[in-house]
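**Q** I have a structure here, written as structure tokens, and I will follow up with some questions on it.
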Amino acid sequence: MIDKQHITNRFLSYVVIDTTSDPENPAFPSTEKQWVLAKMLEKELLKIGMQEVKLDKNCYLMATLPSNISYKVPTIGFISHIDTSPDFSGTNVHPQIIENYQGNDIIINETENIILSPDYFEDLQQYIRQTIITTDGTTLLGADDKAGVTEIVTAMEYLIQHPEIKHGKIRICFTPDEEVGKGAHLFDVEKFGADWAYTMDGSQIGELEYENFNAASAVVTIKGKMVHPGYAKGKMINSLLIATDFINALPTLEVPEKTEGYEGFFHLHGVKGSVEETKLEFIIRDHDFDQFEERKYLLQKIAFDMNEIYQNEIVLVDIKNQYFNMKKMITPVMHIVDIVEEVMIDLGIQPILKPIRGGTDGSQLSFKGLPCPNIFAGGHNFHGRYEYVPVESMIKATEVIIGIAQKVVKKYE
């Protein structure tokens, strides 16, 4: 149904454009280079026949595929982000294509001896005899989320070229800055005008997600007192040592590297300190809201107990909520998840319903009034040199989009 070479070429044309976002820049978008892909997509959407193509001042690109039926059905949406992660270089991406993969090690960079091995990345075994696109080992690939962008554009193009496939009104949007947590901040839900939507931003084939972490950031500031070490007895307060005590007071097994599934964690990801002052930067994650609140309380409790010991407010905790578990907003409209599950089964895809151990634009959008589960886009090993995507997975994701459009019409005819 979907031409393999066509979707491959489209994906390759997107990933070679550097769209890395910048967590330190408050501007929208956070990097000017995201405009390059946004403007390219604007032209492409017009060329394939999309309507109401609008690129706004904040780099959100929306478009409409009008309904081709005579009765009203819900308007659905599909969303992907154009930026790539600042965790690894996205400059000078050189994709490599491995045809008819045979389950062997893939040498992605012979000079630096960088190997994509199924012994370590076991998911590769799912894609034997398929076409795999990898990096050259010096950059990320950008399948997160240019695979999703590719699939949405290709699905819209296919529906336009095949008017015999009946569908209601479809809205699409490509967002900036998802990788730095801002992708939904200026998303205009009312202007988008969909009853519900799907982000095409998951990983392996079959993933279907409507749960994610509740998330917060925390900065713990410890105030010390510097005195000459030779005369410090009873006077010096070493904030670095107090910071160590604070860290050790947290549950040692509740860290990212020792948790999975629904298990939450505290993640210490930054330390900056001296005797006078030390700052600890944490992220707090939990799928269960009550446990999430307990985690935030524990940080405050440790600080309170330490301040009691020192009879002074030397430990300060600043906690900021980041996003919440979209399950709360999706559960009342579970039919939008059921539709995708049915489509996947119809296409011979085994649905994998699992919680996201992270965040998604869909979480924030769901709480803004646009219920938005997440569907696989096909890529693996995001944000690094070992990222890859099977072309067949992108084709299947495209077919899922088309299938959802058809299924909605059948459900509401």
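The values are calculated or read from the model by the stated rules, or taken from the named source; none is laboratory data. For clarity, every value in this text was computed on a predicted model and none was experimentally measured. Neighbour counts are summed over all protein chains in view; Cβ atoms, including those assigned to glycine, are modelled from backbone coordinates with ideal geometry. Keep in mind that these areas ignore ligands, DNA and RNA; they rest on the heavy atoms of the full protein, side chains included. Shrake-Rupley method; radii C 1.70, N 1.55, O 1.52, S 1.80 Å.
**Q** If M156 passes every condition in (1) under 15 Å from I404 (Cα atoms); (2) open to solvent by 10 Å² or more (accessible area, probe 1.4 Å); (3) not in a strand (DSSP E or B) but one, which one does it miss?
**A** (2)
**Q** Let me ask something else. Do you know which residues across segment 233-279 are among the β-branched types (V, I, T) and more than 25 Å from K223 (Cβ to Cβ)?
**A** T252, V255, T259
**Q** Working only within segment 52-84, note down all residues that are assigned to a loop (DSSP other than H, G, I, E, B), within 23 Å of K166 (Cα to Cα), hydroxyl-bearing (S, T, Y) and touching a residue at least 24 places away in the same chain (Cβ under 8 Å).
**A** S67, Y71, T75
**Q** Still on this model: From the list V180, V219, V153, pick out the single residue that is within 30 Å of K328 (Cβ to Cβ) and at pLDDT 95 or above. Write out each step before concluding.
**A** Values: V180 fails: at pLDDT 95 or above; V153 fails: within 30 Å of K328 (Cβ to Cβ).
That would be V219, the only listed residue that is within 30 Å of K328 (Cβ to Cβ) and at pLDDT 95 or above.
**Q** Within segment 228-269, take every residue that is touching a helix residue (DSSP H, G or I) at 6+ places or on another chain (Cβ under 9 Å) and β-branched (V, I, T) and give me the one that is farthest from E211 (Cα to Cα).
**A** Filtering first and then ranking leaves I237.
**Q** Testing V219 on (1) open to solvent by less than 30 Å² (accessible area, probe 1.4 Å); (2) part of a strand (DSSP E or B), one condition comes back false. Which one is that?
**A** Against the list (1) open to solvent by less than 30 Å² (accessible area, probe 1.4 Å); (2) part of a strand (DSSP E or B), V219 comes up short only on (1).
**Q** Identify all residues within segment 88-134 that are open to solvent by 50 Å² or more (accessible area, probe 1.4 Å), of a type outside the set (K, R) and closer than 20 Å to K4 by Cα; write none if there are none.
**A** Hits for segment 88-134 are H94, Q96, I97, E99, N100, Q102, Q126, I128.
**Q** Find all pairs meeting these conditions: Cβ atoms under 8 angstrom apart; at least six residues apart or on different chains; first residue within segment 1-13 and of a type in the set (K, R); second residue open to solvent by less than 40 Å² (accessible area, probe 1.4 Å) and at pLDDT 95 or above.
**A** K4/T131; K4/V391; K4/I395; R10/T150; R10/V153; R10/T154
**Q** Restricting attention to segment 257-268, which residues are open to solvent by 40 Å² or more (accessible area, probe 1.4 Å) and either assigned to a helix (DSSP H, G or I) or under 16 Å from K279 (Cα atoms) (or both)?
**A** Result: E257, K258, H267, L268.
**Q** D290 passes all but one of (1) modelled with pLDDT of 95 or more; (2) of a type outside the set (K, R); (3) loosely packed, with under 14 Cβ neighbours inside 10 Å; (4) more than 28 Å from the chain's Cα centre (by Cα); which number fails?
**A** All conditions are met except number (4).
**Q** Continuing with this model, one more query. Every residue in segment 271-289 that is within 18 Å of F213 (Cα to Cα) and among the β-branched types (V, I, T), please.
**A** Across segment 271-289, the qualifying residues are I283, I284.
**Q** Just checking, does segment 189-205 include any residue being surrounded by fewer than 18 Cβ atoms within 10 Å (Cβ to Cβ), under 29 Å from D338 (Cβ atoms) and polar (S, T, N, Q)?
**A** yes
**Q** Still on this structure: Of all residues in segment 72-86, which are over 22 Å from I404 (Cα atoms) and either of a type in the set (D, E) or crowded, with 23+ Cβ neighbours inside 10 Å (or both)? It would help to see each step written out before you state the result.
**A** From segment 72-86, those over 22 Å from I404 (Cα atoms) are 82-86; that's our starting set.
Answer for segment 72-86, where residues must be over 22 Å from I404 (Cα atoms) and either of a type in the set (D, E) or crowded, with 23+ Cβ neighbours inside 10 Å (or both): I82, D83, T84.
**Q** Starting from residues that are touching a Leu at 6+ places or on another chain (Cβ under 7 Å) and assigned to a loop (DSSP other than H, G, I, E, B), keep the ones in segment 9-51 and report whichever is most open to solvent (accessible area, probe 1.4 Å).
**A** F28
**Q** Take the residues in segment 307-326 that are polar (S, T, N, Q) and under 33 Å from the mean Cα position of the chain (by Cα), then tell me which one is modelled with the highest pLDDT.
**A** Here is the first cut: in segment 307-326, the ones polar (S, T, N, Q) are 307, 311-312, 321-322, 325.
Restricting the remaining residues to those that are under 33 Å from the mean Cα position of the chain (by Cα) gives 321-322, 325.
On the way: N321: 93, Q322: 90, N325: 96.
The selected residue is N325.
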